[in-house]
Amino acid sequence: MSDLNLDPNIADPDGFYAKLIEAHEGLSDDESAALNARLILLLANQVGDRAVLDAALEAAKTVGH
Amino acid sequence: MLDDRYSLAFKLYPYERSADQDAETPVRHPVVVIGGGPIGVATALDLGLQGIPVVVLDDHEGIGMGSRAICFAKRSLEIADRYGCGQEMVEKGVVWNLGKVFHEDRKVFEFNLLPEEGHQYPAFINLQQPYFERFLVDRVREAQAQGAPIEIRGKNRVDAVEDKGDRVAIDITTPEDSYKITADWVIGADGAGSPLRGMLGLDFEGRVFEDSFLIADIRMHADFPTERWFWFEPTHKAGASTLLHKQPDDVWRVDFQIGWDVDRKEELKEENIRKRLDAMLGPDVSYDIVWTSIYTFQCRRMKDFRHGRVIFAGDAAHQVSPFGARGANSGMQDVDNLGWKLGLVIEGKAPESLLDSYDEERKHGADENILNSTRSTDFITPKSKISHTFRNAVLDLAEQYAFARPLVNSGRLSVPCVYDGLSLNGPDALNGGPARTRVGAPCPDAPLGDGFLLPKLGGGFTILTINAEAPEALTEDGVTATRVAVSAAEDATGLIAERYLGDAEAAVYLVRPDQHVAARWDAYDEQALRAALRKACGKE
Ligand SMILES: Cc1cc2nc3c(=O)[nH]c(=O)nc-3n(C[C@H](O)[C@H](O)[C@H](O)COP(=O)(O)OP(=O)(O)OC[C@H]3O[C@@H](n4cnc5c(N)ncnc54)[C@H](O)[C@@H]3O)c2cc1C
């Protein structure tokens with residue numbers, strides 16, 4: 001029942017994706033994990049809404065295995 | 001056979017022979033408290049000041065050496081104030097508001113507790129636990145002199161307890177002999193290791209954390225400010241996390257997280273403790289070591305706090321990690337909650353089932369404390385690699401950006417819980433009333449005339465009227481509520497209106513003896529008040 005947006009919402013998907021991968025270039029696995037963690041926290045704060053965050057956690061957990 | 005398990009800071013209740021030891025048949029007492037720690041002694045004070053005879057049995061002759069608790073929260077001080085010894089504690093204690101958080105020696109940020117204005121007591125004081133306990137015992141002595149029927153029996157170890165249905169039989173060992181007494185009610189305040197729990201075969205389940213902490217209380221004449229300093233992963237490597245906090249008498253608490261697999265004996269050698277302290281303080285600071293200890297901890301509680309005529313309180317009932325200072329502070333709230341209920345039951349003014357609300361309310365409190373202290377512990381000592389990664393990400397971000405600071409958790413300091421939605425609650429019928437004074441909440445303090453509001457509440461039931469009419473007293477089925485009237489003129493700061501009226505013009509509150517809100521309305525309605533008073537006494 002949350003407002004988690006699961007439709008396309010990024011204006012330049014290829015550009016964003018390239019930037020994301022680029023940010024990890026040359027990093028060790030640990031450094032990459034740390035970067036991801038910081039990024040998640042920044043984005044989570046931007047979202048703010050607990051219901052949306054909970055829905056995002058759920059959505060992330062339910063795919064990929 | 002009655003050796004001390006710890007050495008004493010203050011010998012306050014030396015063994016004395018009691019007439020009970022020479023009685024032909026076991027003497028019967030209304031209330032026996034097992035354990036003379038802070039929670040047992042506070043229980044005795046609460047009951048004794050109500051005029052209810054109470055005997056405290058402790059297996060030592062005074063207060064244990066070593067500070068253990070150092071942080072006492074406003075609510076504990078307010079409760080102590082009701083017992084008549086809050087001021088002494090504040091005078092001796094150290095008031096602090098500033099905290100600093102470091103990560104690998106870099107300051108991540110600092111915070112100010114920014115205590116709210118208009119309270120008689122500060123948000124927190126630091127005070128060595130033995131002092132806290134001594135102020136309670138001193139108050140017992142004073143109350144005894146004024147006729148309060150309290151007795152503390154030192155070197156009286158409880159060895160067996162049996163619930164006989166209509167009373168409880170207690171076997172006691174003293175340095176001279178063994179004897180028996182019986183009690184209508186037994187309060188188990190015998191600490192985290194609670195032998196009583198074992199005697200009754202009761203559970204104590206929860207989570208053990210695989211880490212140990214080395215505490216050193218040191219005396220130094222250093223000019224560190226009166227602040228709480230917390231290091232995550234300091235580069236001096238003296239501990240995986242380290243806490244520095246000031247206590248009275250130039251004593252500082254240093255707390256090192258040292259890992260699970262440690263050789264306790266080796267670590268506690270003075271030379272090894274000094275190595276850690278020197279690494280942290282630098283080579284030029286001189287200090288004396290006052291007390292050291294290694295502790296591990298659990299977060300757990302008993303499944304039930306009431307077992308018929310035996311009721312558990314304090315560490316015997318629940319244990320939390322020290323992060324957040326919730327141990328003794330939550331135990332004081334147990335006492336506050338239990339005292340008036342047991343008093344009414346013993347006086348025949350409320351049914352025994354009122355005691356089940358103690359179980360309900362304080363389990364609710366314990367769960368909240370366990371949740372908070374478990375979260376702090378998981379942040380301070382991350383249990384997995386990814387948890388560690390996130391923890392450090394929070395710290396790295398917090399150094400630069402304010403948004404991440406609320407995520408830093410080096411202990412969420414104890415605040416009293418709100419008994420939301422529980423059985424004794426009456427109607428919350430004050431339109432526009434503030435959320436903080438909703439039914440179930442502890443009453444917040446505020447200036448009143450040239451004093452404060454809280455000292456006028458509590459002890460018995462109170463009808464608190466603000467710009468509203470009500471009779472001076474109302475008695476329902478043996479229980480009397482007396483009025484405390486507040487007018488706009490006496491609320492010069494407007495803080496009572498802010499905290500108790502919100503958007504309302506007037507209000508009538510029914511306040512319990514433990515200063516929690518039982519019900520509230522826009523105006524006085526006798527029938528509604530009678531019904532709420534019955535409900536708050538467990539008569540429904
Ligand atoms: C390192 C550390 C730091 C802490 N910091 C804080 C803090 O900052 N703030 C806070 O609020 N809390 C803190 N705590 C927790 C606090 O110390 C406890 O919550 C508090 O002491 C509990 O009081 P109690 O009366 O329930 O139990 P206890 O203090 O353990 O007292 C139990 C008493 O029962 C007696 N007894 C035991 N068995 C028997 C028997 N068979 N017969 C008769 N008597 C018996 C014992 O001798 C003892 O006197 C800390 C604890 C530790 C270890």
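Can you tell which of B:191, B:206 is within 11 Å of the ligand (Cβ to nearest atom), surrounded by 15 or more Cβ atoms within 10 Å (Cβ to Cβ) and either within 27 Å of the chain's Cα centre (by Cα) or modelled with pLDDT of 95 or more (or both)?
Checking each option against the conditions leaves just B:191.
Show me the strands (runs of 3 or more DSSP E) found entirely inside the stretch B:435-540 where at least 1 residues are polar (S, T, N, Q).
By residue number, B:461-466, B:473-476, B:479-486.
Given B:409, B:392, which one is buried (at least 16 other Cβ atoms within 10 Å of the Cβ) and either farther than 30 Å from residue B:331 by Cβ or in the same structural domain as residue B:517 (by TED's automatic domain parsing) (or both)?
Details: B:409 fails: either farther than 30 Å from residue B:331 by Cβ or in the same structural domain as residue B:517 (by TED's automatic domain parsing) (or both).
Criteria check complete, one pass: B:392.
Quick one: in the stretch B:321-370, which of the residues that are surrounded by fewer than 20 Cβ atoms within 10 Å (Cβ to Cβ) and among the basic types (Lys, Arg) is nearest to the chain's Cα centre (by Cα)?
B:363
Tell me whether the stretch B:498-511 contains one or more residues that are surrounded by fewer than 20 Cβ atoms within 10 Å (Cβ to Cβ), β-branched (Val, Ile, Thr) and outside the structural domain of residue B:79 (by TED's automatic domain parsing).
no
Just need a number here: residues in the stretch B:222-255 that are modelled with pLDDT of 90 or more, assigned to a loop (DSSP other than H, G, I, E, B) and within 24 Å of the chain's Cα centre (by Cα).
Of the residues in the stretch B:222-255, 2 are modelled with pLDDT of 90 or more, assigned to a loop (DSSP other than H, G, I, E, B) and within 24 Å of the chain's Cα centre (by Cα).
Given B:317, B:279, B:328, which one is away from the ligand (no atom under 16 Å from the Cβ) and closer than 27 Å to residue B:409 by Cβ? Talk me through it step by step, then tell me what you get.
Numbers: B:317 fails: away from the ligand (no atom under 16 Å from the Cβ); B:328 fails: away from the ligand (no atom under 16 Å from the Cβ).
The conditions single out B:279.
Which one of B:135, B:124, B:111 is touching a residue at least 24 places away in the same chain (Cβ under 8 Å) and touching a Gly at 6+ places or on another chain (Cβ under 7 Å)?
Residue meeting the stated conditions: B:111.
Given A:34, A:59, A:18, A:55, which one is aliphatic (A, V, I, L, M), away from every other protein chain (no Cβ under 13 Å), in contact with an Asp or Glu (Cβ under 9 Å, 6 or more places away or on another chain) and not in a loop (DSSP other than H, G, I, E, B)?
A:55
Please indicate, with yes or no, whether at least one residue in the stretch B:7-14 is of a type in the set (S, T, N, Q), out of contact with any Lys or Arg (no Cβ under 7 Å at 6 or more places or on another chain) and modelled with pLDDT under 95.
Yes, the stretch B:7-14 contains a residue that is of a type in the set (S, T, N, Q), out of contact with any Lys or Arg (no Cβ under 7 Å at 6 or more places or on another chain) and modelled with pLDDT under 95.
The values are calculated or read from the model by the stated rules, or taken from the named source; none is laboratory data. Note that the structure is predicted; figures quoted are calculated from it, not measured. Here Cβ is always computed from backbone atoms with ideal geometry, including for glycine, and neighbour counts include all displayed protein chains.
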